[in-house]
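Have a look at the structure below, then the notes.
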Amino acid sequence: MTKQAKNTVCLWYDGGAKETARFYAQTFPNSSIDAVHRAPGNYPAGKQGDVLTIEFTVGIPCLGLNGGPNITHNEAFSFQIATDDQAETDRYWNAIIDNGGRESVCGWCKDKWGLSWQITPRVLIEAITDPNPNAAKRAFEAMMKMTKIDIATIEVARHG
């Protein structure tokens, strides 16, 4: 038995917790599957022996719970991934979208399990928090027109 972290994000899935954890572990650095726990008896969303929970790390400790179809993910919770350049931004974005996910706006996307991700270049955060309010506004307005963040466009907008 693994020692569970004191604070853990619990994510509810409709049977896809193991597949999800495997995808995250293969996609994001410093991620891993830490433990798989099978149900000791039947439960509303499954039967004895099914994967009930899976402990995994995707930068932070998480617990995937195969709780059934009654609860779904929404944008109120998301993972934010800070990226260092366009290649890293594209890699994470494409990994999620090409694996059954879908684009949203302003650097947000959803994976195929419905979990929201913010693929956020550090340059974007610097630009929209620029001490020059005009530069910050231009960068912000450019971001508002994007799905995946284009760093070059943000930089051009920031510097006028």
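Shape call for the chain from the C-alpha gyration tensor, a ≥ b ≥ c root eigenvalues: rounded (a/c under 1.5), prolate (a/b greater than b/c) or oblate? Since a/c reaches 1.5 and a/b is larger than b/c, the shape of the chain is classed as prolate.
Peptide packing for 31-44, 127-140 was compared via the average number of neighbouring C-beta atoms within 10 Å per residue; ordered from the highest value, the list is 127-140, 31-44.
Ignoring ligands, DNA and RNA, what percent of the 1.4 Å accessible area of the chain is carbon and sulfur? Mind showing how you got there, number by number?
Values: 4610 of 8930 Å².
It is 52 percent, rounded to a whole number.
Note that region 1-114 presents 57 Å² accessible area per residue, ligands and nucleic acids not counted, probe 1.4 Å. Summary of packing: across the peptides 79-92, 52-65, the per-residue average of other C-beta atoms within 10 Å ranks them, highest first, as 52-65, 79-92.
For the chain, what is the charge dipole size about the Cα centre, in debye to the nearest 20, if Lys and Arg each add +1 at the Cβ and Asp and Glu each add -1 at the Cβ?
Numbers: 16 positive and 18 negative charges, 79 e Å.
So the dipole magnitude of the chain works out to roughly 380 debye.
Nearest 5 is fine: what % of DSSP beta bridges in the chain come out antiparallel, could you say? Bridges in the chain that DSSP calls antiparallel: roughly 60 percent. With a simple spin-label model that places each label point 7 Å from the Cα along the Cα-to-Cβ direction, the separation between Asp98 and Glu126 comes to 2.8 nm. Cross-link check: pairs Lys47/Lys148; Lys6/Lys110; Lys18/Lys110; Lys6/Lys148 evaluated at a Cα-Cα cut-off of 29 Å; pairs beyond the cut-off: Lys47/Lys148; Lys6/Lys148. Ranking Val36, Cys106, Ala87 by how far each Cα lies toward the positive end of the dipole of the chain (charges on Cβ) leaves Val36 at the top.
The residue among Val51, Ile71, Phe23 whose Cα reaches farthest toward the positive pole of the charge dipole of region 1-91, with charges on the beta-carbon of Lys, Arg, Asp and Glu, is Val51.
Which value, in debye to the nearest 20, gives the size of the charge dipole of region 1-70 about its Cα centre, when Lys and Arg are +1 and Asp and Glu are -1 at the Cβ? The partial results should precede the final answer.
Working: 6 positive and 5 negative charges, 30 e Å.
Charge dipole, region 1-70, about its Cα centre: 140 debye, nearest 20.
The values are calculated or read from the model by the stated rules, or taken from the named source; none is laboratory data. The structure presented is a predicted model; accordingly, all values stated were derived computationally and were not measured. As a convention, Cβ positions derive from the backbone with ideal geometry for all residues, glycine included, and neighbour counts pool all protein chains shown. Please note that ligands, DNA and RNA were not included when accessible areas were found on the heavy atoms of the full protein model with its side chains. Shrake-Rupley method; radii C 1.70, N 1.55, O 1.52, S 1.80 Å.
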